[in-house]
Structures are given as C-alpha cells and as structure tokens.
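Participant: Pasting in a structure now, in structure tokens, and then I'll have a few things to ask.
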C-alpha cells in the first residue's frame with residue numbers, strides 16, 4: 001500500500017517539469033528579440049558594413065535560429081518523453097517526430113544542434129580573426145572538437161546499444 005502511494009507520488013511529480021518546459025518556450029521570445037536586434041542593426045548599418053561584418057551579422061542570426069531550434073527540440077520532445085505523450089492527429093500541423101522520438105534520438109538531436117551552434121561560433125571567430133587572440137581561437141577550436149568527439153561517441157554508444165537490445169532475426173532481447 002505504501003509502495004503504491006509512493007510510486008504514484010513519484011510518477012505524478014513528473015508534472016513539475018511542465019513549468020520548466022513552459023519557461024523554455026518563453027525563452028524563445030528572448031531569442032527572437034535578440035535576432036530582431038541583429039537584423040535591425042544589419043539593415044540600419046548595411047551601407048557602412050564590410051562584407052565580413054555583414055556575414056558576421058548573418059551568422060549571429062543563424063546562431064540564434066539554431067539555438068531557438070535547440071530549445072524547441074528540448075521542450076517539445078522532453079515534454080513528450082518525460083511528462084505526457086503528445087496526441088497527434090492527421091493534419092494538425094504538429095511535427096510528428098515529437099511522438100516518435102525516443103530518448104536516445106533526443107540526445108543525438110541535441111548534440112547535433114550543439115555541434116552546429118559551436119561550428120557557427122567557431123566560424124564567427126575565424127571570420128573576425130583580426131580581433132580574436134590565438135588563445136580565444138584555440139579555446140573555440142578545442143571546445144568545438146570536444147563537442148564533435150562527444151557527439152560521435154554518443155552516436156556510437158547509441159548504435160551499439162541498439163544492437164545489443166534486439167537481434168535482427170528474432171526481435172527478442174539480446175545479450
């Protein structure tokens with residue numbers, strides 16, 4: 001009896017994540033606003049900017065877009081994986097990958113997004129090489145390589161994990 005009550009409380013506590021996912025959705029407003037500032041600055045000063053500065057401004061908007069996409073992946077698939085399933089109906093306009101993504105795929109999508117964001121930051125550093133120190137560029141490269149290696153190891157571990165859980169011929173549990 002106590003065990004059943006305890007388990008119900010534990011499983012019900014997953015709904016405490018809901019305000020956190022809502023807070024992430026609200027954070028999109030900040031990312032949209034910051035992208036708007038970058039866009040306004042780009043359009044307002046376009047005639048005074050060098051080609052490199054225009055590209056840096058565009059990369060800043062790309063960075064904000066990738067970051068916003070990362071936030072959306074986290075709150076939509078996180079909610080569907082950890083709080084409650086999202087009901088999908090035909091022609092509802094919702095991305096149907098939300099209901100189909102498992103936790104392993106979520107981790108890989110997150111790492112791929114983080115690697116892409118890191119690559120944009122690295123590209124920004126190299127585009128503005130005159131204003132970056134060797135130390136800063138070294139850190140950017142090191143951090144990016146760390147993310148790339150981490151993503152590759154995570155993908156490899158996920159792939160190996162799927163092989164050991166099911167066998168192709170029987171579909172039953174593996175070793």
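Every number in this text was worked out from the coordinates using simple rules, so none of it is lab data. Note that the coordinates shown come from a computational prediction; the quantities given were computed from them, not determined experimentally. Backbone-built Cβ (ideal geometry, glycine too); neighbour counts: all protein chains shown.
Participant: Sequence gap at least 6, Cα distance under 8 Å: using those rules, report the relative contact order of the range 10-94 to the nearest whole percent. The partial results should precede the final answer.
Facilitator: Numbers: 42 pairs, mean separation 38.0, N = 85.
45 percent.
Participant: What FRET efficiency comes out for residue 139 versus residue 81 if R0 is 41 angstrom and r is the Cβ-Cβ distance? Round to the nearest 0.05.
Facilitator: The pair residue 139/residue 81 has a calculated efficiency of 0.80.
Participant: Next question, about the same structure. Would you mind checking the radius of gyration and Dmax of the range 70-165 based on alpha-carbon positions, in Å?
Facilitator: Considering the range 70-165 through its Cα atoms, Rg and Dmax are 17.5, 53 Å.
Participant: Here is a follow-up. Report the Cα centroid-to-centroid distance between the range 93-152 and the range 1-73 in angstrom, as an integer.
Facilitator: So the two Cα centres are separated by 15 Å.
Participant: Percent relative contact order of the chain, based on C-alpha pairs within less than 8 angstrom and at least six residues apart?
Facilitator: Details: 122 pairs, mean separation 33.2, N = 175.
The value is 19 percent.
Participant: Right, next: Go ahead and run the numbers for FRET between residue 14 and residue 37, Cβ-Cβ distance against an R0 of 30 Å, rounding to 0.05.
Facilitator: Details: r = 36 Å, r/R0 = 1.22.
The pair residue 14/residue 37 has a calculated efficiency of 0.25.
Participant: What does a probe at residue 146 reach in the range 92-133, counting residues whose amide N is under 12 Å from the point 7 Å along Cα→Cβ?
Facilitator: Answer for the range 92-133: none.
Participant: Exposure proxy check: 94, 53 ranked by fewest other beta carbons within 10 Å?
Facilitator: Exposure proxy ranking, most exposed first: 94, 53.
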